[in-house]
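The values are calculated or read from the model by the stated rules, or taken from the named source; none is laboratory data. Since the model is a prediction, treat every value here as computed from it, not as a measurement. Quick reminder, even Gly has a Cβ in these numbers, built from the backbone with ideal geometry, and neighbours come from all protein chains shown.
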Amino acid sequence: AVVAPGAVHVPGWLSPERQRELVAVCRSWAAGPVPMRQTRLPRGGVMSVQTVCVGWHWRPYRYTREAGDVNGERVVDFPDWLGALGREALAAAYEGVEESESYAPDTALVNFYDGAARMGMHQDKDEKSRAPVVSLSIGDRCVFRFGNTEDRGRPYTDVELGSGDLFVFGGPSRLAYHAVPKVYAGTATPDSGMSRGRLNITLRETGLR
Ligand code: MD3
Ligand code: FE
């Protein structure tokens, strides 16, 4: 479903087997070299989601190779197969768009939500590239709020994201405000590989080198 120009939702795109494979690899990333943790915000707050980064380490306003705000270690390399998955996802969402062939994501942000975790309205603009963001959801269902490019307020559209769903944000939607106001705890099905909680993987091009 096209939610807005450049914003495409493909429910159930990942098979249960691929979901389980991704959950397993995310678990291995969460164990290190930079362990999964709650990102600290510049004003002293802490995000309720837990995050582990691949390829580049993200913290508000910057991407670095080392996690200076965690343990100083270098994040794991971005694997080739994950770039291929991103191109496959883009081709599925943007049928017949050649853009997918040159898509070269170099970072993945893996967010884990327990039943109480939320993400407030924000834009993702720390990337120098304006290439699309690919989002993959696994586990508990949630409400995803897709807003406008002007501010955090209305108009916005609430979409339910379930396990295996793909969402691509490109073109005019790349700088849209968005949020996860609610996770439906306990709705993950065991075939996803998640016994509890929600996993979201976003693939991005940082535009850095
Ligand atoms: C729209 N994650 O990591 S994924 C994030 O479910 C983030 O964990 C949410 O927002 C999550 O920054 C939402 C959907 C998403 C991701 C990036 C976007 C939507 C986007 C970038 C631009 C526009
Ligand atoms: Fe975001």
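Assess whether residue 153 counts as being more than 16 Å from ligand 2 (Cβ to nearest atom) and closer than 24 Å to residue 46 by Cα. Yes: the conditions hold for residue 153.
Residue 166 meets the stated requirement of being under 16 Å from residue 4 (Cβ atoms), surrounded by 15 or more Cβ atoms within 10 Å (Cβ to Cβ) and in contact (Cβ under 8 Å) with a residue 40 or more places away in the chain. If you check every pair at least six apart or on different chains, which have Cβ atoms under 6 Å apart with a residue in segment 181-198 that is over 19 Å from residue 18 (Cα atoms) and among the basic types (Lys, Arg) first and a residue that is within 15 Å of ligand 1 (Cβ to nearest atom) and modelled with pLDDT of 95 or more second? As it stands, the answer is 182/143, since those pairs meet every condition given.
With the structure loaded, tell me whether residue 108 is under 12 Å from the mean Cα position of the chain (by Cα) and not β-branched (Val, Ile, Thr) or whether it fails that test.
Against the criterion (under 12 Å from the mean Cα position of the chain (by Cα) and not β-branched (Val, Ile, Thr)), residue 108 qualifies.
Scanning segment 22-55 for residues that are surrounded by 12 or more Cβ atoms within 10 Å (Cβ to Cβ) and either within 23 Å of residue 94 (Cβ to Cβ) or free of Cβ contacts under 8 Å to residues at least 40 places away in the same chain (or both) yields a total of 9. If the condition is being surrounded by 14 or more Cβ atoms within 10 Å (Cβ to Cβ), more than 15 Å from ligand 2 (Cβ to nearest atom) and assigned to a loop (DSSP other than H, G, I, E, B), then segment 98-128 contributes 103, 106, 114, 115.
Being in contact with an Asp or Glu (Cβ under 8 Å, 6 or more places away or on another chain), in contact (Cβ under 8 Å) with a residue 12 or more places away in the chain, within 16 Å of ligand 2 (Cβ to nearest atom) and hydroxyl-bearing (Ser, Thr, Tyr): is that true of residue 63 here? Lay out the reasoning, then the answer.
Working: in contact with an Asp or Glu (Cβ under 8 Å, 6 or more places away or on another chain): yes; in contact (Cβ under 8 Å) with a residue 12 or more places away in the chain: yes; within 16 Å of ligand 2 (Cβ to nearest atom): yes; hydroxyl-bearing (Ser, Thr, Tyr): yes.
Considered against the rule, which asks whether it is in contact with an Asp or Glu (Cβ under 8 Å, 6 or more places away or on another chain), in contact (Cβ under 8 Å) with a residue 12 or more places away in the chain, within 16 Å of ligand 2 (Cβ to nearest atom) and hydroxyl-bearing (Ser, Thr, Tyr), residue 63 comes out as yes.
Taking strands (runs of 3 or more DSSP E) that do not extend beyond segment 144-197, which have at least 2 residues that are more than 16 Å from residue 11 (Cβ to Cβ), within 9 Å of ligand 1 (Cβ to nearest atom) and hydrophobic (A, V, I, L, M, F, W, C)?
Those strands (runs of 3 or more DSSP E) span 178-183.
What are the residues in segment 1-18 that are within 15 Å of ligand 1 (Cβ to nearest atom) and surrounded by 15 or more Cβ atoms within 10 Å (Cβ to Cβ), if any? Those that are within 15 Å of ligand 1 (Cβ to nearest atom) and surrounded by 15 or more Cβ atoms within 10 Å (Cβ to Cβ): 3, 4, 6, 7, 8, 9, 10, 11, 13, 14.
Remark: residue 113 matches the filter, which requires a residue to be in contact with a Lys or Arg (Cβ under 6 Å, 6 or more places away or on another chain) and near ligand 1 (Cβ under 10 Å from one of its atoms). Does residue 134 fit the bill of being at pLDDT 95 or above and within 13 Å of ligand 2 (Cβ to nearest atom)? Yes; evaluated as a whole, the condition is true for this residue. Looking at segment 129-143, which of the residues that are in a loop (DSSP other than H, G, I, E, B) and more than 9 Å from ligand 1 (Cβ to nearest atom) is surrounded by the most Cβ atoms within 10 Å (Cβ to Cβ)? The residue in question is 140.
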